[in-house]
Amino acid sequence: MTTDPTIKPFLIDAAAQDVKVLQNLGRMKEFDVTKWVDDSYVRKAFAELKLDYDTQLASTANYEVKGEDKFCNQPIVEPRQAGEVWVDGEGIEPFSSAACTLAAYSSLKAKGKKINVAYVFDSARGIKLFADQAYYAIGGDKRTISPFLLKRDAEDYAAKSGGKVLSFEDALKAALSGG
């Protein structure tokens, strides 16, 4: 996500949540993230370089998706509803929503661009997901495309909103057509 070497408390918390999800799915046994984390070596390197580890630890610069969505022509105001497409040789492009991210992804691919990776955020948990590995639900209004880590979350959202669950390929098509 960033080249910041500090071990952020919110990332430790996110890892602990990931462990709970994996345990609930039966894919991981007991694991205490906090016992595994040891930032003493990074702290020592910071001290040797005469850098302030605690100041950098408190900084969240470069962690949230921000900027201007050039595909949908709007500012990014909700970072946990945004997305990113990493275009080979061109850098990271931010987008304001999952729908804009998917539509831009399709457009870039159609132009022959090589995409290294694309990210969206889980609508239930707010965690960053690989866009091509997420489950998607489109609301009954056919305008909102919501990504999810778990298929059952996508199914629940679709049932509550009168929509349906989409594969990645179908979500790309829905995003391009505007629903």
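Here the spin labels are modelled as points 7 Å beyond Cα on the Cα-Cβ line, and at Thr34 and Asp13 they lie 1.3 nm apart. Relative contact order of the chain: 14 percent, from C-alpha pairs under 8 Å at least 6 residues apart in sequence. Helical content of the chain, expressed as a calculated mean residue ellipticity at 222 nm, amounts to -11500 deg cm²/dmol (DSSP H runs of 4 or more residues, -39,500 (n - 2.57) each, divided by residue number, nearest 500).
The listed residues Val42, Val19, once ranked by accessible area (1.4 Å probe) with the largest placed first, stand as Val42, Val19. Placing pseudo-labels 7 Å out from each Cα toward the beta carbon at Lys173 and Arg43 gives an inter-label distance of 5.5 nm.
Taken along the Cα-to-beta-carbon direction at a fixed 7 Å, the label points for Glu155 and Ile92 span 3.4 nm.
Solvent-accessible surface of the range 1-47, averaged per residue with a 1.4 angstrom probe and all protein chains in place: 75 square angstrom.
Annotation: Arg125 carries an accessible surface of approximately 100 Å², with a 1.4 Å probe and no ligand, DNA or RNA atoms counted. Relative to the 2.2 N^0.38 Å rule of thumb, the range 46-153 has a C-alpha radius of gyration ratio of 1.23. Within the accessible area of the chain, the carbon and sulfur atoms contribute 52%, probe 1.4 Å, all protein chains present. The figure for Tyr136 is an accessible area of roughly 0 square angstrom, using a 1.4 Å probe on the protein chains alone.
The residues of the range 104-179 present an accessible area of 53 Å² per residue when probed at 1.4 Å with all protein chains retained.
Between the alpha-carbon centres of the range 81-107 and the range 1-74 there is a gap of 22 Å.
The values are calculated or read from the model by the stated rules, or taken from the named source; none is laboratory data. For clarity, every value in this text was computed on a predicted model and none was experimentally measured. Glycine also receives a Cβ, built like all others from the backbone with ideal geometry; neighbour counts cover every protein chain displayed. Protein only, heavy atoms only, side chains kept; ligands, DNA and RNA dropped before computing areas. Shrake-Rupley method; radii C 1.70, N 1.55, O 1.52, S 1.80 Å.
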